[in-house]
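**Student:** Here it is, the structure, as C-alpha coordinates.
The values are calculated or read from the model by the stated rules, or taken from the named source; none is laboratory data. Values in this document were obtained by computation on a predicted structure and should not be read as measured data. Cβ: placed from backbone, ideal geometry, glycine included. Neighbour counts: every protein chain shown. Ligands, DNA and RNA are stripped out before the accessible areas are found, and what is left, the full protein with its side chains, is counted by its heavy atoms. Shrake-Rupley method; radii C 1.70, N 1.55, O 1.52, S 1.80 Å.
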Amino acid sequence: MLTRRFILGALSAAALTAPASMASAADELYIPLVSKGFQHQFWQAVKSGAEQAAEEYGVRITFEGPDNETMVDRQIDMLAAALANKPAAIGFAALDSQAAIPLLRQANEAGIPVIAFDSGVDSDIPLATATTDNALAAGMAADKMAELIGGKGKVAVVAHDQTSRTGIDRRDGFVNQIEANYPDIEVVTVQYGQGDHLKSTEVTKAILTANPDLDGIFGTNEGSAIGVVNGVQELGTKDLVIIGYDSGKAQKDAIRSGLMAGAITQNPVGIGYETVKAAVMAQKGETVPALIDTGFYYYDASNIDDPKVAAVLYD
(Lines give C-alpha, C1' and ligand atoms only; values in the text may rest on other atoms or scores of the structure.)
Protein backbone atom coordinates (compact mmCIF):
# COMPACT_ATOMS: atom_id res chain seq x y z
CA MET A 1 0.00 0.00 0.00
CA LEU A 2 1.31 3.44 -0.86
CA THR A 3 2.07 5.47 2.19
CA ARG A 4 0.67 8.93 2.51
CA ARG A 5 4.21 10.32 2.53
CA PHE A 6 4.95 8.61 -0.77
CA ILE A 7 1.75 9.89 -2.38
CA LEU A 8 2.38 13.42 -1.22
CA GLY A 9 5.94 13.15 -2.46
CA ALA A 10 4.64 12.24 -5.87
CA LEU A 11 3.11 15.66 -6.04
CA SER A 12 6.40 17.48 -5.98
CA ALA A 13 6.98 20.11 -8.62
CA ALA A 14 9.00 17.65 -10.67
CA ALA A 15 6.21 15.10 -10.70
CA LEU A 16 3.71 17.67 -11.88
CA THR A 17 5.72 19.28 -14.65
CA ALA A 18 3.91 17.43 -17.45
CA PRO A 19 1.10 19.53 -18.93
CA ALA A 20 -2.48 18.61 -18.17
CA SER A 21 -3.06 17.87 -21.84
CA MET A 22 -0.93 14.74 -21.40
CA ALA A 23 -3.57 13.16 -19.16
CA SER A 24 -4.13 10.47 -21.81
CA ALA A 25 -2.02 9.17 -24.60
CA ALA A 26 -5.13 9.26 -26.76
CA ASP A 27 -5.74 12.93 -25.85
CA GLU A 28 -8.87 11.96 -23.91
CA LEU A 29 -9.35 14.41 -21.11
CA TYR A 30 -9.19 12.74 -17.70
CA ILE A 31 -11.09 14.49 -14.90
CA PRO A 32 -11.23 12.78 -11.49
CA LEU A 33 -13.86 13.84 -8.96
CA VAL A 34 -13.08 13.34 -5.28
CA SER A 35 -16.28 13.57 -3.26
CA LYS A 36 -17.00 13.65 0.46
CA GLY A 37 -18.23 10.07 0.56
CA PHE A 38 -20.36 7.34 -0.90
CA GLN A 39 -22.57 6.44 2.05
CA HIS A 40 -25.55 8.60 1.04
CA GLN A 41 -27.69 8.37 -2.07
CA PHE A 42 -26.93 12.05 -2.57
CA TRP A 43 -23.44 11.20 -3.78
CA GLN A 44 -24.74 8.55 -6.15
CA ALA A 45 -26.97 11.22 -7.67
CA VAL A 46 -24.00 13.60 -8.00
CA LYS A 47 -22.04 10.81 -9.68
CA SER A 48 -24.91 10.22 -12.10
CA GLY A 49 -24.87 13.88 -13.15
CA ALA A 50 -21.10 13.82 -13.57
CA GLU A 51 -21.36 10.75 -15.79
CA GLN A 52 -24.00 12.45 -17.93
CA ALA A 53 -21.70 15.42 -18.51
CA ALA A 54 -18.71 13.16 -19.17
CA GLU A 55 -20.62 11.36 -21.92
CA GLU A 56 -21.86 14.62 -23.41
CA TYR A 57 -18.43 16.27 -23.46
CA GLY A 58 -16.46 13.15 -24.38
CA VAL A 59 -14.20 13.03 -21.34
CA ARG A 60 -13.20 10.27 -18.94
CA ILE A 61 -14.02 10.72 -15.27
CA THR A 62 -13.55 8.80 -12.06
CA PHE A 63 -15.67 9.40 -8.98
CA GLU A 64 -14.56 8.34 -5.52
CA GLY A 65 -14.82 9.30 -1.89
CA PRO A 66 -14.00 7.91 1.57
CA ASP A 67 -16.25 5.42 3.32
CA ASN A 68 -17.70 8.11 5.57
CA GLU A 69 -17.55 11.85 5.99
CA THR A 70 -15.23 11.80 9.00
CA MET A 71 -12.27 10.42 7.03
CA VAL A 72 -10.50 13.67 6.15
CA ASP A 73 -7.06 12.03 5.92
CA ARG A 74 -8.38 9.36 3.59
CA GLN A 75 -9.91 12.00 1.35
CA ILE A 76 -6.61 13.89 1.25
CA ASP A 77 -4.85 10.69 0.17
CA MET A 78 -7.41 10.23 -2.61
CA LEU A 79 -6.89 13.81 -3.76
CA ALA A 80 -3.12 13.34 -3.76
CA ALA A 81 -3.34 10.14 -5.78
CA ALA A 82 -5.70 11.72 -8.29
CA LEU A 83 -3.40 14.70 -8.79
CA ALA A 84 -0.38 12.43 -9.18
CA ASN A 85 -2.05 11.06 -12.33
CA LYS A 86 -1.72 14.52 -13.91
CA PRO A 87 -5.40 15.04 -14.77
CA ALA A 88 -6.67 17.65 -17.20
CA ALA A 89 -8.69 19.15 -14.35
CA ILE A 90 -10.11 17.94 -11.05
CA GLY A 91 -13.34 18.22 -9.09
CA PHE A 92 -13.15 18.28 -5.30
CA ALA A 93 -15.76 18.34 -2.52
CA ALA A 94 -13.88 19.12 0.66
CA LEU A 95 -14.59 17.41 3.96
CA ASP A 96 -12.40 20.01 5.62
CA SER A 97 -12.42 23.50 4.14
CA GLN A 98 -8.72 24.05 4.91
CA ALA A 99 -6.97 20.68 5.07
CA ALA A 100 -6.66 20.25 1.30
CA ILE A 101 -5.33 23.73 0.52
CA PRO A 102 -1.61 22.72 0.29
CA LEU A 103 -2.43 20.04 -2.29
CA LEU A 104 -4.73 22.35 -4.21
CA ARG A 105 -1.99 24.95 -4.26
CA GLN A 106 0.34 22.39 -5.86
CA ALA A 107 -2.34 21.59 -8.44
CA ASN A 108 -2.72 25.28 -9.20
CA GLU A 109 1.02 25.69 -9.65
CA ALA A 110 1.01 22.72 -12.03
CA GLY A 111 -1.72 24.27 -14.16
CA ILE A 112 -4.42 21.77 -13.19
CA PRO A 113 -7.76 23.60 -12.93
CA VAL A 114 -9.65 22.86 -9.71
CA ILE A 115 -13.44 22.91 -9.60
CA ALA A 116 -15.03 22.64 -6.16
CA PHE A 117 -18.41 20.98 -5.83
CA ASP A 118 -20.98 20.75 -3.04
CA SER A 119 -18.53 21.99 -0.43
CA GLY A 120 -15.92 24.61 -1.22
CA VAL A 121 -12.62 25.43 0.43
CA ASP A 122 -11.38 28.54 2.21
CA SER A 123 -9.24 29.54 -0.75
CA ASP A 124 -9.54 31.23 -4.13
CA ILE A 125 -7.71 28.34 -5.83
CA PRO A 126 -10.88 26.66 -7.19
CA LEU A 127 -11.89 28.45 -10.37
CA ALA A 128 -15.54 27.66 -9.69
CA THR A 129 -17.75 26.04 -7.07
CA ALA A 130 -20.87 24.13 -8.14
CA THR A 131 -23.09 24.13 -5.11
CA THR A 132 -26.32 25.01 -3.39
CA ASP A 133 -26.57 28.35 -1.60
CA ASN A 134 -26.57 26.43 1.67
CA ALA A 135 -26.94 29.41 3.97
CA LEU A 136 -29.98 30.65 2.07
CA ALA A 137 -31.50 27.15 1.92
CA ALA A 138 -31.01 26.59 5.64
CA GLY A 139 -32.57 30.00 6.25
CA MET A 140 -35.64 28.77 4.39
CA ALA A 141 -35.67 25.69 6.62
CA ALA A 142 -35.62 28.04 9.63
CA ASP A 143 -38.57 30.02 8.24
CA LYS A 144 -40.55 26.80 7.72
CA MET A 145 -39.67 25.62 11.23
CA ALA A 146 -40.83 28.93 12.72
CA GLU A 147 -44.08 28.75 10.80
CA LEU A 148 -44.79 25.18 11.87
CA ILE A 149 -44.12 25.73 15.58
CA GLY A 150 -46.15 28.94 15.70
CA GLY A 151 -43.25 31.40 15.95
CA LYS A 152 -42.22 30.44 19.48
CA GLY A 153 -40.59 27.58 21.34
CA LYS A 154 -37.34 25.64 21.47
CA VAL A 155 -35.51 24.01 18.60
CA ALA A 156 -32.24 22.14 18.09
CA VAL A 157 -29.89 21.33 15.22
CA VAL A 158 -28.28 17.99 14.41
CA ALA A 159 -25.49 18.90 11.98
CA HIS A 160 -23.21 16.67 9.96
CA ASP A 161 -19.95 18.46 10.78
CA GLN A 162 -18.33 21.75 11.68
CA THR A 163 -15.39 21.60 9.26
CA SER A 164 -16.91 21.53 5.76
CA ARG A 165 -18.45 24.59 4.15
CA THR A 166 -21.80 22.78 3.86
CA GLY A 167 -21.81 21.92 7.55
CA ILE A 168 -20.88 25.44 8.57
CA ASP A 169 -23.22 27.24 6.18
CA ARG A 170 -26.27 25.08 6.91
CA ARG A 171 -25.78 25.34 10.66
CA ASP A 172 -25.20 29.09 10.58
CA GLY A 173 -27.87 29.74 7.96
CA PHE A 174 -30.50 28.13 10.18
CA VAL A 175 -29.30 29.53 13.50
CA ASN A 176 -28.72 33.06 12.20
CA GLN A 177 -32.15 33.21 10.56
CA ILE A 178 -33.83 32.14 13.79
CA GLU A 179 -31.85 34.59 15.91
CA ALA A 180 -32.39 37.50 13.53
CA ASN A 181 -36.09 37.06 12.87
CA TYR A 182 -37.74 34.98 15.58
CA PRO A 183 -37.05 36.38 19.05
CA ASP A 184 -39.45 33.94 20.70
CA ILE A 185 -37.64 30.88 19.37
CA GLU A 186 -34.55 29.57 21.14
CA VAL A 187 -31.96 27.33 19.51
CA VAL A 188 -31.10 25.31 22.61
CA THR A 189 -28.23 23.28 21.15
CA VAL A 190 -26.31 22.32 18.03
CA GLN A 191 -24.89 18.80 18.07
CA TYR A 192 -22.88 16.87 15.48
CA GLY A 193 -23.57 13.35 14.24
CA GLN A 194 -20.87 13.24 11.53
CA GLY A 195 -23.49 12.69 8.85
CA ASP A 196 -23.94 9.12 10.08
CA HIS A 197 -27.53 8.09 10.75
CA LEU A 198 -26.60 5.83 13.67
CA LYS A 199 -24.53 8.49 15.42
CA SER A 200 -27.17 11.09 14.64
CA THR A 201 -29.81 8.84 16.19
CA GLU A 202 -27.88 8.75 19.46
CA VAL A 203 -27.26 12.50 19.34
CA THR A 204 -30.98 13.08 18.83
CA LYS A 205 -31.95 10.87 21.72
CA ALA A 206 -29.54 12.74 24.00
CA ILE A 207 -30.98 16.09 22.89
CA LEU A 208 -34.55 14.95 23.49
CA THR A 209 -33.69 13.51 26.89
CA ALA A 210 -32.07 16.79 27.95
CA ASN A 211 -34.85 18.93 26.43
CA PRO A 212 -38.23 17.21 26.90
CA ASP A 213 -40.04 20.44 25.95
CA LEU A 214 -38.35 20.71 22.54
CA ASP A 215 -40.57 21.80 19.64
CA GLY A 216 -38.43 21.05 16.61
CA ILE A 217 -35.17 19.68 15.21
CA PHE A 218 -33.38 20.52 11.97
CA GLY A 219 -31.13 17.81 10.45
CA THR A 220 -28.54 19.31 8.09
CA ASN A 221 -27.98 16.42 5.67
CA GLU A 222 -29.41 13.05 4.68
CA GLY A 223 -27.74 11.05 7.45
CA SER A 224 -28.47 13.70 10.09
CA ALA A 225 -32.13 13.95 9.17
CA ILE A 226 -32.69 10.20 9.16
CA GLY A 227 -30.93 9.97 12.51
CA VAL A 228 -33.35 12.56 13.89
CA VAL A 229 -36.34 10.58 12.62
CA ASN A 230 -34.98 7.35 14.06
CA GLY A 231 -34.20 8.95 17.43
CA VAL A 232 -37.69 10.42 17.69
CA GLN A 233 -39.24 7.07 16.83
CA GLU A 234 -37.10 5.13 19.29
CA LEU A 235 -38.06 7.45 22.16
CA GLY A 236 -41.68 7.65 21.08
CA THR A 237 -41.59 11.45 21.06
CA LYS A 238 -44.77 13.07 19.76
CA ASP A 239 -45.61 16.47 18.27
CA LEU A 240 -42.03 17.34 17.31
CA VAL A 241 -41.47 19.18 14.03
CA ILE A 242 -38.62 17.64 12.02
CA ILE A 243 -37.14 19.39 9.00
CA GLY A 244 -34.39 17.71 7.01
CA TYR A 245 -31.98 18.39 4.19
CA ASP A 246 -31.42 16.36 1.00
CA SER A 247 -33.58 13.51 -0.18
CA GLY A 248 -33.31 9.71 -0.30
CA LYS A 249 -36.00 7.10 0.09
CA ALA A 250 -36.03 7.18 3.91
CA GLN A 251 -36.63 10.93 4.02
CA LYS A 252 -39.28 10.80 1.33
CA ASP A 253 -41.06 8.00 3.18
CA ALA A 254 -40.86 9.97 6.45
CA ILE A 255 -42.42 13.01 4.78
CA ARG A 256 -45.19 10.98 3.16
CA SER A 257 -46.00 9.34 6.50
CA GLY A 258 -45.96 12.60 8.43
CA LEU A 259 -42.95 11.76 10.63
CA MET A 260 -40.98 14.57 8.98
CA ALA A 261 -42.61 17.90 8.16
CA GLY A 262 -40.44 18.62 5.12
CA ALA A 263 -36.92 19.03 3.84
CA ILE A 264 -34.67 21.05 1.61
CA THR A 265 -33.63 19.27 -1.57
CA GLN A 266 -30.61 20.22 -3.57
CA ASN A 267 -30.03 19.37 -7.22
CA PRO A 268 -27.35 16.68 -6.89
CA VAL A 269 -27.49 15.58 -10.52
CA GLY A 270 -27.01 19.21 -11.52
CA ILE A 271 -24.07 19.58 -9.14
CA GLY A 272 -22.27 16.64 -10.75
CA TYR A 273 -23.10 17.76 -14.27
CA GLU A 274 -22.01 21.37 -13.74
CA THR A 275 -18.77 20.28 -12.07
CA VAL A 276 -17.64 18.29 -15.09
CA LYS A 277 -18.87 20.95 -17.51
CA ALA A 278 -16.91 23.65 -15.65
CA ALA A 279 -13.80 21.43 -15.53
CA VAL A 280 -13.92 20.96 -19.32
CA MET A 281 -14.37 24.69 -19.88
CA ALA A 282 -11.53 25.55 -17.51
CA GLN A 283 -9.16 23.05 -19.15
CA LYS A 284 -9.86 24.71 -22.50
CA GLY A 285 -9.05 28.11 -21.04
CA GLU A 286 -12.64 29.30 -21.13
CA THR A 287 -14.02 31.55 -18.39
CA VAL A 288 -16.18 29.83 -15.81
CA PRO A 289 -18.35 31.59 -13.21
CA ALA A 290 -16.87 31.56 -9.73
CA LEU A 291 -20.17 30.37 -8.25
CA ILE A 292 -22.46 27.95 -10.04
CA ASP A 293 -25.69 28.00 -8.04
CA THR A 294 -27.49 24.74 -8.74
CA GLY A 295 -30.65 25.69 -6.83
CA PHE A 296 -32.86 24.12 -4.15
CA TYR A 297 -36.48 23.56 -3.14
CA TYR A 298 -38.35 23.05 0.10
CA TYR A 299 -40.59 20.03 -0.25
CA ASP A 300 -43.25 18.45 1.93
CA ALA A 301 -46.27 16.20 1.46
CA SER A 302 -48.05 18.92 -0.51
CA ASN A 303 -45.49 19.23 -3.33
CA ILE A 304 -43.32 16.11 -3.19
CA ASP A 305 -44.91 14.86 -6.42
CA ASP A 306 -44.73 18.19 -8.23
CA PRO A 307 -42.73 17.46 -11.41
CA LYS A 308 -40.19 20.25 -10.84
CA VAL A 309 -39.54 18.98 -7.30
CA ALA A 310 -39.69 15.29 -8.12
CA ALA A 311 -37.04 15.86 -10.78
CA VAL A 312 -34.40 16.67 -8.13
CA LEU A 313 -35.39 14.02 -5.59
CA TYR A 314 -33.67 10.66 -5.50
CA ASP A 315 -33.99 7.31 -3.77
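**Student:** Between Ser48 and Glu179, what's the calculated FRET efficiency when r is the beta-carbon distance and R0 is 45 Å? Round to 0.05.
**Tutor:** Result of the calculation: an efficiency of 0.75.
**Student:** Determine the gain in length on full extension of the stretch Ser302-Lys152; use 0.36 nm per residue of separation and subtract their C-alpha separation, reporting nm with one decimal.
**Tutor:** Residue separation times 0.36 nm, minus the Cα-Cα distance, leaves 51.6 nm.
**Student:** Now a separate question. Can you give the FRET efficiency to the nearest 0.05 for Leu235 and Arg256, using r as the Cβ-Cβ distance and R₀ = 25 Å?
**Tutor:** Using R0 = 25 Å, I get an efficiency of 0.70.
**Student:** Shifting gears a bit: Would you mind working out the magnitude of the charge dipole of segment 134-266 relative to its Cα centre, with +1 at each Lys and Arg C-beta and -1 at each Asp and Glu C-beta, to the nearest 20 Debye?
**Tutor:** For this selection, approximately 260 debye.
**Student:** Comparing Lys238, Lys249, Lys144, which has the greatest mean-square fluctuation in the GNM of the chain with Cα pairs linked when under 10 Å apart?
**Tutor:** Among Lys238, Lys249, Lys144, the largest mean-square fluctuation in the Gaussian network model of the chain belongs to Lys238.
**Student:** Let me ask another. Please state the relative contact order of the chain as a whole percent: Cα pairs under 8 Å, 6+ residues apart?
**Tutor:** 20 percent.
**Student:** Moving to a separate point now. Give the distance, in whole Å, between the Cα centre of segment 54-104 and the Cα centre of segment 116-155.
**Tutor:** 23
**Student:** Still on this structure: Between Thr209 and Leu291, what's the calculated FRET efficiency when r is the beta-carbon distance and R0 is 35 Å? Round to 0.05.
**Tutor:** Here the calculated transfer efficiency is 0.30.
**Student:** For the chain, give me the percentage of DSSP beta bridges that are antiparallel, rounded to the nearest 5 percent.
**Tutor:** Antiparallel bridges: around 10 percent, rounded to the nearest 5.
**Student:** Provide the gained length on full extension for the span Thr62 to Ala311, in nm with one decimal, where the gain is 0.36 nm per separating residue minus the Cα-Cα distance.
**Tutor:** Computed gain between Thr62 and Ala311 is 87.2 nm.
**Student:** Name the residues whose placed amide hydrogens come within less than 5 Å of the amide hydrogen of Phe63, ignoring near sequence neighbours (fewer than 5 apart) on the same chain.
**Tutor:** Leu33
**Student:** Can you give me the angle between helix 222-235 and the longest principal axis of the chain, using Cα atoms only, in degrees from 0 to 90, rounded to the nearest 10?
**Tutor:** Orientation of helix 222-235: about 30 degrees from the principal axis.
**Student:** Okay, next question. Under 17 Å between alpha carbons, and skipping anything fewer than 8 positions from Lys154 in its own chain: which lysines qualify?
**Tutor:** Reachable lysines: Lys144, Lys205, Lys238.
**Student:** Another one. Would you mind checking Lys152/Lys199; Lys47/Lys249; Lys47/Lys199 for any pair whose Cα atoms are more than 21 angstrom apart?
**Tutor:** Beyond 21 Å: Lys152/Lys199; Lys47/Lys199.
**Student:** Let me ask another. Considering only protein heavy atoms and a probe of 1.4 Å, how much of the accessible area of the chain is carbon and sulfur, as a whole percent?
**Tutor:** Answer for the chain is 49 percent, counting heavy atoms of protein chains only.
**Student:** OK, next. Of Ser247, Asn221, Gln191, which is farthest on the positive side of the dipole of segment 134-266, counting Cα position, with +1 on Lys and Arg Cβ, -1 on Asp and Glu Cβ, and the Cα centre as origin?
**Tutor:** Farthest along the dipole direction, towards plus: Ser247.
**Student:** Quick one: grab the alpha carbon gyration tensor of segment 134-266, order the square roots of its eigenvalues as a ≥ b ≥ c, and give me rounded if a/c is under 1.5, else prolate or oblate depending on whether a/b is larger than b/c.
**Tutor:** Here segment 134-266 falls in the rounded category.
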